[in-house]
Amino acid sequence: MAGLLQDLRYALRQLRKNPGFTAVVVATLGLGIGANTAIFSVVNTVLLAPLPYGDVDRLMMIWGRNPTRGDQQFPVSPGDFIDWRQKNDVFEDVAASYDYEMTLTNAGEPKLVIGYALSPNYFRILGVPPRMGRTFTDEEDASGTRVAVLSDKMWRTTFRGDPNILGKSVTLDAKPFSVIGVMPADFSFPPQTELWMPASISPAVYGDFEHRYIRVVGRLKPGISVADAQTRMNALERQIAAQHPQTDAGNETWVQPLRQQLVGDIRMPLLALSGAVALVLLIACVNIASLLLARAAGRRVEVSVRLALGAGRLRLLQQFLIESLILSLLGGAAGIALALSSSRFLLAIFPSGLANLSIPKVDAIPINGPVLCFALGITLLTGLLFGGIPALQSRLHDNDALKESSRGLTATSRSARLRRALVTAEIALSLILLMGAGLMVESFRQVYRVDLGFRPDRLLGLEIFLPPNRYPGDQPQKQTNFVNDVLTHLNSLPGVRSAAAANFLPLTGFWGTTDFVIEGRPVLRDLKPLADNRRVTPSYFATMGISLLRGRGFTESDRAGSEKVAMVNTALAHRYFGSEDPIDKVLELNDSGQEERWRIVGVVSDVKAFGPEEAAHADLYRPLEQSPSALLGFAVRASGDPSALLKPAEQAVWEVDKDQPIFDAMPMSMLAAQSITLRRTSTILLASFAALALVLAAIGLYGVMAYSVAQRTHEIGLRMALGALHQDVLRLVIRQAIWLVVIGEGIGVMAALFLTHAAATLLYGVSPANPWVAAVAMAVLTLVALIAAYVPARRAAKVDPMVALRYE
């Protein structure tokens, strides 16, 4: 212990004697550790933090999918759910849910509430008890009793944390519901849900295999793997499909862990950023190891004296490791400070709450216990990593350094080769990051240039759910009158060029599908064509800026009672009609409970309703008057800034119905920007890490070349005394640097091609082996390396031969 304290005091004296060296190392480590800690805080919050559910690894979402039709994920029908519940042998229990948007009144202003109807065992499967009261009983579900469980957020905000809320009545869609419970603050499933009520799935719908609206959650039996559950549920679904080919032919199941469902689209970008920032820290460690090697070379006499006086190899190793650990701890402290200061920035840029992406909502990114433990762990690991190499290189024979001439008190050739190898590794790692960042930048450029198929500029969107108690589905004229009256008020507002309505606006995340049959064509293998079900007013296409390609658009004469007409987009026309003209073809639909014939009258351009990176769906458009909808989106084309119309547009709705809540109102350009937020954020962070790696590599190369020039001063002076010119010396030093760069880039290109192929899912519109990106990355790295090598090369070319010959 006394020896340890002695080494600690000596190490502190050594670092205090070299403040410049200490500051460089601490700053480099602070950047590397801080960046890693900051990114890990996001990873910990989103991917690793414990979920408030019991035995979460056995909780699964169970979806339907149909690869034959290109459907990757969809809710299932009541019939599928009942068969799954009764016949599966891999789940302890399964529960059903479906979303249920309602209007809350008599609690302040009318408010649209996002609710979910659940089967009574849903909370039991999740294993989360309420913080107050209780959840539903089987009897309440069977009888359809109007009871509700509130989210903690709704209880605190809407009802101001009323401690006596249990037993009170709340009015939802003009019907009283008794509050029986309040869930804990950390429970929000499905995300953003504000209240829950019994699903009350009636036995009358047990045979319904056509309407898909049920989302299923289940708890695996002990010992059952996800892969095993997937295989056995697929076998069960094939049995169901054989019994119900009209609705389930080609259907499969998709068993998805609940954590994976909640993480959604953010997992792969976060893992890629974690890998990138780990490379930055590795480059920093290599850089510091190179500096320490050069420093250790100047201490060979000291080491030899210690060995001659009886110091053991382990004691010398201890001395060097203590110095490196002190440096790493100082760098770690600086890194934690950097991470703390950047947490607010990370929260601001985190793509949270986007309408069109499955990304968890993050309210805070704390630097908590697990994050601090991670920071401490990488701090100690980096200290051992960059300190271990110089410590092992210090193993000299007892009197080697003492026998050398003063000119020989330099690093051995082996040490010099190791420093060059470290710089080569830096170059390779930096090129990997540069190529990755280049591919991400090119992907973002491609995404940014994608035409969405409509003009989001100067366009305002409002989303509305018509409550069924005031606008029942069996009275479609009420819904139609509401739409027409709101459009009249919107068109009368100053600054409004046109207004239109649809059931689903692009980029909002709302959508639905319908299947159909093309008249005169057989249905192959009981698989009906499928399209996104869009219902619009006649002015919709002009207001949105969607081009009419063939035929005609909808007119005011396309109303209830007239011939049913439809329009299709290019994707639908190509998929189901090929080179045949779809105009005047007839589609048979059964979404109203009876067979209806819809004649195609026009073809419009494709709209990327789910963002620029997802291919346009097959869209089937029908007049809203001929097929009304309770879910509405109003689009308002402004002559100026659409944000100025937010309040007037909301007021126009309330002038028609003062109790109608507005779910959301936003400029469509904001939604268009949000649709690329995840890619923009990932690209900016990755490019920043690549730039930092480039700077570190340049510093490392500069250090090696400067040290090499210093050690070769005598040789350079001798060359110049024998007639070498300044440009000869310049070429000599630059050539050495170029070789390091070429070797490093060769290794880096091969490694980058492998890694970018593995992460190809993160790219858009660009090949992982894009030669232009690789060429630009190599050119940038080479240029920076040449600049870093030029300074010591120029210094070498200015050496005075007489001074060099008298060196030491």
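The values are calculated or read from the model by the stated rules, or taken from the named source; none is laboratory data. Please read these numbers as outputs of a predicted model, since none were measured by experiment. Using ideal geometry, Cβ is built from the backbone for each residue, glycine included, and neighbour counts are taken over all protein chains shown. When the accessible area is computed, the model is the full protein with side chains, heavy atoms only, and any ligands, DNA or RNA have been set aside. Shrake-Rupley method; radii C 1.70, N 1.55, O 1.52, S 1.80 Å.
For residue 77, the conditions (1) modelled with pLDDT of 85 or more; (2) farther than 30 Å from residue 119 by Cα; (3) in contact with a Gly (Cβ under 9 Å, 6 or more places away or on another chain) are fulfilled apart from (2).
The set of residues in the range 45-62 that are surrounded by 20 or more Cβ atoms within 10 Å (Cβ to Cβ), modelled with pLDDT of 90 or more and of a type outside the set (D, E, K, R) comprises 59, 60, 62.
Answer yes or no: is there a residue in the range 467-484 that is of a type outside the set (Asp, Glu), part of a loop (DSSP other than H, G, I, E, B) and under 36 Å from the mean Cα position of the chain (by Cα). Yes. Identify, please: which residue in the range 550-601 is β-branched (Val, Ile, Thr) and assigned to a loop (DSSP other than H, G, I, E, B) and is, among those, most open to solvent (accessible area, probe 1.4 Å)? So the residue we want is 555.
For (1) more than 14 Å from residue 436 (Cβ to Cβ); (2) β-branched (Val, Ile, Thr); (3) at pLDDT below 90, each residue gets a yes or a no:
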| site | (1), (2), (3) |
| --- | --- |
| 737 | yes, no, yes |
| 768 | no, no, yes |
| 773 | no, yes, no |
| 777 | no, no, no |
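For the range 610-646, the set of residues classified as open to solvent by less than 10 Å² (accessible area, probe 1.4 Å), under 18 Å from residue 673 (Cβ atoms) and part of a loop (DSSP other than H, G, I, E, B) consists of 611, 612, listed by residue number. Filtering the range 704-716 to residues that are crowded, with 22+ Cβ neighbours inside 10 Å and of a type outside the set (Val, Ile, Thr) leaves 705, 707.
Select from the range 647-668 the residues that are out of contact with any strand residue (DSSP E or B) (no Cβ under 7 Å at 6 or more places or on another chain) and either under 26 Å from residue 551 (Cβ atoms) or open to solvent by 10 Å² or more (accessible area, probe 1.4 Å) (or both) and list them in ascending order. Correct list: 647, 648, 651, 654, 655, 656, 657, 658. Restricting the range 63-95 to residues that are without any contact (Cβ under 8 Å) to a residue 24 or more places away in the chain and closer than 16 Å to residue 232 by Cβ leaves a set whose member that is most open to solvent (accessible area, probe 1.4 Å) is 86.
Among the numbered conditions (1) in a strand (DSSP E or B); (2) touching a Phe, Trp or Tyr at 6+ places or on another chain (Cβ under 8 Å), the only one that residue 135 does not meet is (1). Total residues in the range 100-129 satisfying the condition of being among the β-branched types (Val, Ile, Thr), part of a strand (DSSP E or B) and open to solvent by less than 10 Å² (accessible area, probe 1.4 Å): the figure is 2.
Within the range 190-209, being in a helix (DSSP H, G or I) and closer than 8 Å to residue 78 by Cβ holds for one residue alone: 205. For residue 159, the stated conditions hold: it is open to solvent by 10 Å² or more (accessible area, probe 1.4 Å), part of a loop (DSSP other than H, G, I, E, B) and of a type in the set (Phe, Trp, Tyr). Considering the conditions (1) open to solvent by less than 60 Å² (accessible area, probe 1.4 Å); (2) over 27 Å from residue 208 (Cβ atoms); (3) touching an Asp or Glu at 6+ places or on another chain (Cβ under 9 Å), residue 530 is excluded by exactly one of them, (2). Does residue 172 count as under 31 Å from the mean Cα position of the chain (by Cα) and open to solvent by less than 10 Å² (accessible area, probe 1.4 Å)? In short, no.
Residues to consider are 22, 37, 68, 28; find the one that is polar (S, T, N, Q) and within 22 Å of the chain's Cα centre (by Cα). From the options 22, 37, 68, 28, the qualifying one is 37. Restricted to the range 130-156, and to residues there that are among the hydrophobic types (A, V, I, L, M, F, W, C) and open to solvent by less than 60 Å² (accessible area, probe 1.4 Å), the residue that is farthest from residue 184 (Cα to Cα) is 147. Has the range 176-184 got any residue that is within 24 Å of residue 124 (Cα to Cα), in a loop (DSSP other than H, G, I, E, B), touching a Phe, Trp or Tyr at 6+ places or on another chain (Cβ under 9 Å) and of a type in the set (Gly, Ala, Ser)? For the range 176-184, residues within 24 Å of residue 124 (Cα to Cα), in a loop (DSSP other than H, G, I, E, B), touching a Phe, Trp or Tyr at 6+ places or on another chain (Cβ under 9 Å) and of a type in the set (Gly, Ala, Ser): absent.
None of 439, 460 is in contact with a Leu (Cβ under 7 Å, 6 or more places away or on another chain), modelled with pLDDT of 90 or more and either under 18 Å from residue 684 (Cβ atoms) or open to solvent by 20 Å² or more (accessible area, probe 1.4 Å) (or both) except 439. Within the range 131-151, residues that are closer than 14 Å to residue 195 by Cβ reach partners that are small (Gly, Ala, Ser) and open to solvent by less than 30 Å² (accessible area, probe 1.4 Å) with beta carbons closer than 7 Å, at six or more positions or on different chains, in the pairs 132/181; 133/181; 135/181; 149/181. When 686, 701, 696 are checked against the criterion of being of a type outside the set (D, E, K, R) and under 25 Å from the mean Cα position of the chain (by Cα), 686 stands alone in meeting it. Can you find a residue in the range 140-158 that is farther than 20 Å from residue 101 by Cα and touching a Lys or Arg at 6+ places or on another chain (Cβ under 6 Å)? There is no residue in the range 140-158 that is farther than 20 Å from residue 101 by Cα and touching a Lys or Arg at 6+ places or on another chain (Cβ under 6 Å).
The requirement of being among the β-branched types (Val, Ile, Thr) and open to solvent by 40 Å² or more (accessible area, probe 1.4 Å) is satisfied by residue 24. Counting only helices (runs of 4 or more DSSP H) that sit completely within the range 220-317, those holding 2 or more residues that are at pLDDT below 85 and over 28 Å from the mean Cα position of the chain (by Cα) correspond to 245-248, 267-297, 300-308.
Here the helices (runs of 4 or more DSSP H) wholly within the range 668-783 that include at least 3 residues being within 30 Å of residue 350 (Cα to Cα) and touching a helix residue (DSSP H, G or I) at 6+ places or on another chain (Cβ under 9 Å) are 668-674, 677-711, 726-758. Condition check: among the hydrophobic types (A, V, I, L, M, F, W, C), open to solvent by 60 Å² or more (accessible area, probe 1.4 Å) and over 13 Å from residue 791 (Cα atoms). Does residue 732 satisfy that? It is false that residue 732 is among the hydrophobic types (A, V, I, L, M, F, W, C), open to solvent by 60 Å² or more (accessible area, probe 1.4 Å) and over 13 Å from residue 791 (Cα atoms).
Counting only residues that are within 19 Å of the chain's Cα centre (by Cα) and exposed (fewer than 12 other Cβ atoms within 10 Å of the Cβ), how many does the range 759-784 have? Residues that pass the stated criteria total 1.
Evaluate the following for residue 495: is it surrounded by fewer than 19 Cβ atoms within 10 Å (Cβ to Cβ), over 35 Å from the mean Cα position of the chain (by Cα), in contact (Cβ under 8 Å) with a residue 24 or more places away in the chain and at positive phi? Answer is yes for this residue.
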